[in-house]
Structure formats: C-alpha cells, structure tokens
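Nothing in this text is a laboratory measurement; each read-out follows from the coordinates by a stated rule. All values reported here derive from a predicted model rather than from experimental measurement. So basically every Cβ, Gly included, is an ideal-geometry build from the backbone, and we count neighbours across all protein chains shown.
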Amino acid sequence: MPLAADAASLVKQGESVGIAKRRTALGDDITGLQELLTYGLKGIAAYADHAAVLGKEDPKVYGFFFEALDFLAQPSPTVDQLLAMNLKAGEVNLTVMGLLDAGNTGTYGHPVPTVVRITRSKARPSWCPGTT
C-alpha cells in the first residue's frame, strides 16, 4: 500500500490497518497476541540498544527482529503460531538481558550494597535551587 499524500488521507489509511480494524477482521485473541509480540519487540529493542552502547551485541538478536516483523506481516496467523513466536521473543529477551548484564558489569563492575543516608539533611548543596 503506497503512503498517502496528505494528512487526512494518512489518518484514513492508518484507520484501515489499526488495531480496531484487526480486531474486527481477526478477533481479539489474534490481535492481542500480535500486539503482545509488537510490544515485546519494542522492549527487546530498547534493551538491545542499551547493550550495544555498552559494546555487547548478538547477530541472532537482530535476525530475530527481521523474523518477527516478517511474521507480523503475514495475513492470517494462527493462535498457535503467535504463541510460539511470543515464546521465542521471551527467549530472545533473556539473551538480550544477558548481554545487557554483561555490558553493565563489564563497564561498571558488579553491584555491591552501599549504605546511604535516609534522613533529611538541613544543609543543601550550592547547586540546589533556593541556596544563596
């Protein structure tokens, strides 16, 4: 479907492929599982980006993005297929969390408990608003 030329046409085009339209065409279960996968991909992408910033990447993770997005473009997935793809997204998420953990501990070291003051202090630092 080519991209519409003006704002009103873009809104109409968006409504033709939106969640409400898919719920009517595919039902609540299929649409819900598609949305679960979509939001799962967003979370995986966020963690993968953080891990990449810390120097940790895995080509299999990037490959899964292509696989899942291609899957979401399929016209009539079954509940079983969607469940399987969502479970695979969970597995890939664990991989990404491992990358993120390795990046964090490799960069900042292993976290250790630290004692912090939990009572209010009367003194305020010079950068704090209202300090003269």
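Between Val116 and Leu83, what is the FRET efficiency for a Förster distance of 41 Å, r being their Cβ-Cβ separation, to the nearest 0.05? For Val116 and Leu83, the calculated efficiency is 0.40. Taking Ala45, Ala73, Ala102 in turn, the Gaussian network model of the chain (Cα-Cα springs below 10 Å) assigns the largest fluctuation to Ala73. Using a Gaussian network model of the chain in which every pair of alpha carbons under 10 angstrom is joined by a spring, one finds that among Gly55, Gly63, Gly98 the greatest mean-square fluctuation is at Gly63. Return the label of the correct value of mean projected area of the Cα convex hull in nm², as calculated from the structure shown, out of [x] 7.9; [y] 9.8; [z] 15.3. Recomputing mean projected area of the Cα convex hull in nm² here gives the entry labelled [z]. Can you spot the lysines whose alpha carbon is less than 30 Å from Lys56's alpha carbon? Ignore those fewer than 8 places along the same chain. Counting by Cα, and skipping residues close in sequence, Lys56 has these lysines nearby: Lys42, Lys88. Cross-link partners of Lys21 among lysines, defined as those whose alpha carbon lies under 18 angstrom from its own and excluding same-chain residues fewer than eight positions apart: Lys12. At a Förster distance of 30 Å, what's the computed FRET efficiency of Val53 paired with Asp28, Cβ-Cβ distance as r, to 0.05? Once rounded, the FRET efficiency stands at 0.20.
For the pair Lys60 and Ser9, label points projected 7 Å from Cα toward Cβ lie 4.5 nm apart.
Relative to one another, the C-alpha centroids of the stretch 15-33 and the stretch 94-108 are positioned 36 Å apart. In the elastic network of the chain, a GNM with C-alpha springs shorter than 10 Å, the most mobile of Pro113, Pro75, Pro59 is Pro113.
Suppose only helical runs count, i.e. DSSP H with n ≥ 4. What mean residue ellipticity at 222 nm does that imply for the chain under -39500 (n - 2.57) per run, divided by all residues and rounded to the nearest 500 deg cm²/dmol? Roughly -23000 deg cm²/dmol at 222 nm, from the helical runs in the chain.
Taking the fewest neighbouring Cβ atoms within 10 Å as the starting point, the ordered list for Met97, Met85, Met1 is Met1, Met97, Met85. Taking a ≥ b ≥ c as the square roots of the eigenvalues of the alpha-carbon gyration tensor, the stretch 43-105 is classed prolate because a/c is 1.5 or more and a/b outweighs b/c.
Taking a virtual spin label 7 Å from the Cα of Gln74 along the C-beta vector, which residues in the stretch 3-23 bring their backbone nitrogen under 19 Å of it? What the label zone holds, given the 19 Å backbone N cut-off, is 22-23.
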